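Derivation of every value follows stated rules applied to the coordinates shown; laboratory data play no part. Model, not experiment: these values are computed from the prediction. All Cβ positions, even for glycine, are placed from backbone atoms using ideal geometry, and neighbour counts span all protein chains on display.
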Amino acid sequence: MKKLTIILLAMVLLVSFVFSAKTVAILTPYLASVTTNTLIKALEEFGENEGWNVTVIDTKGDFGALANRWEDVIAQGVDAIIMGMGDPNQFKKQIAMANEAGIPVFGGDAGYIDGMVCNVTSNNYTLSAQITSYLFDKLEGQGKLVKFYHSAHPGVRKREIVFDAIEESVPDIEIVAEHFVQVPGPIEDARKAMQNILLANPNPGDINAVWAAWDEPAIGAMLAIMEAGRQDEIIVVGIDGNEQALEMIKKGSCIKATVKQDFVAMAQIITDQVKKVFGGEEVTDKIFYAPSILMTKDNIE
């Protein structure tokens, strides 16, 4: 009888734990991105270590579907929502719905608007200043550039703003072509775009460098440049520091530099802020920055 009582008590405690565990929904349109995937995998791991039930929802670039999934998890009554990249301005209605339901909303490299607890990111202005300054120094202040960008992401848009401002201040830098990179599939999209740009600019000196707002289009551009046999005349830079880009820098490809973000550190900061809110504490800061470092062949090890 005593043994049965202990078993029943254990079952009650287990059921109580399951139903009291916090539920966290992570919503993203960009899980196919290497960097987004790194961030969200770390968030899953840290959340599960806290005993939370973590659900990841990816809509593969479909923002209409993402809005619907926001509403689904709000209706389910999750305890917190983390937006894994993307622009929160596209989800003002859903963030307001979450606020009305008492569900805190956090951003993971997603931008910040009123109604969110906070956003954790890198300082995208700094990322762009680091890589753009490196590139222009490498070119000694003159050259013809190709620009790959994606203004739909608020962080990437900040990188573009800084690049444009620096470029306008350097009169001997000329933009000969630019391309809005499609997501999902940024590597292949950038590769195809770069192939066409190379065909339109066939002579040595027509293009000196490629500035890519993140590493995946930098990799796509590199592939096209190598296919055309022009890797000795064109240098490429990116941002994020994903493993493939770092390996290409290490091997001496035409990708010469990137700025490495610390997505695991971002995930830890987000987890810490979610814990505070679950514990009844107030999060006073709205933006948190993880560190970044310029990576070249000189410090790749």
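Semi-axes of the equivalent ellipsoid of region 153-227: what are they in whole Å, largest first, if each equals the square root of 5 times a C-alpha gyration tensor eigenvalue? Before the final figure, lay out each step's value.
Working: eigenvalues 79, 69, 14 Å².
After diagonalising the Cα gyration tensor, the semi-axes are 20, 19, 8 Å.
Using Cα pairs under 8 angstrom and six or more residues apart, how large is the relative contact order of region 124-261, in percent?
Averaging sequence separation for qualifying contacts and normalising by length gives 25 percent for region 124-261.
Which value results for Rg/Rh of the chain when Rg is the Cα radius of gyration and Rh the Kirkwood radius based on the inverse mean 1/r? Please report the intermediate quantities before stating the final value.
Values: Rg = 22.3 Å, Rh = 20.7 Å.
That ratio equals 1.08.
Rg to Rh ratio, region 52-140, alpha-carbon atoms and Kirkwood radius?
Values: Rg = 16.5 Å, Rh = 14.6 Å.
Ratio value, two decimals: 1.13.
Restricting to DSSP loop positions (anything but H, G, I, E, B) with no more than 16 other Cβ atoms inside 10 Å of their own Cβ, which GluC sites (Glu not before Pro) remain in region 43-108?
50
Sticking with the crude label model, points 7 Å out along Cα→Cβ, report the distance from residue 41 to residue 227 in nm, one decimal please.
Label at residue 41, label at residue 227, 2.7 nm between them.
Name the trypsin sites (Lys or Arg not before Pro) in region 187-269 that are in a loop by DSSP and that have at most 14 other C-beta atoms within 10 Å, would you?
Here the sparse-neighbourhood loop sites are 251.
Against the empirical 2.2 N^0.38 Å scaling, what ratio does the C-alpha Rg of region 106-156 come to?
My calculation over the Cα atoms of region 106-156 gives 1.51.
Dipole size in debye (nearest 20) for the chain around its Cα centre, Lys and Arg Cβ +1, Asp and Glu Cβ -1?
Details: 25 positive and 40 negative charges, 164 e Å.
With Lys and Arg at +1 and Asp and Glu at -1, about 780 debye.
With Cβ to Cβ distances under 14 Å as the rule, what net charge do the other residues near residue 162 carry (K, R +1; D, E -1)?
0
Hey, what do the phi angles of region 254-266 turn into as Karplus ³J(HN,Hα) couplings, whole Hz, using 6.51/-1.76/1.60 and θ = phi - 60°, x for Gly and Pro?
3J(HN,Hα) across region 254-266, in whole Hz: 6, 6, 9, 6, 8, 10, 7, 8, 10, 6, 5, 5, 4.
Report, by chain and number, residues whose modeled amide H sits under 5 Å from the one on residue 173, excluding near sequence neighbours (fewer than 5 apart, same chain).
143
In whole Å, how far is the Cα centre of region 189-257 from that of region 85-109?
Taking the Cα centre of region 85-109 as reference, the centre of region 189-257 is 36 Å away.
Which Cα, out of 234, 85, 104, lies furthest along the positive dipole direction of the chain (beta carbon charges, K/R +1, D/E -1)?
Working it through, the farthest residue towards the positive pole turns out to be 104.
Students often check this: by mean Cβ neighbours within 10 Å, which of 131-140, 292-301 ranks highest, and how do the rest follow?
131-140, 292-301
Which whole number of Å³ per residue matches the convex hull of the alpha-carbon atoms in region 124-261? All intermediate terms of the calculation are to be shown ahead of the outcome.
Details: hull volume 12.7 nm³, N = 138.
Per-residue hull volume (Cα only) is 92 Å³.
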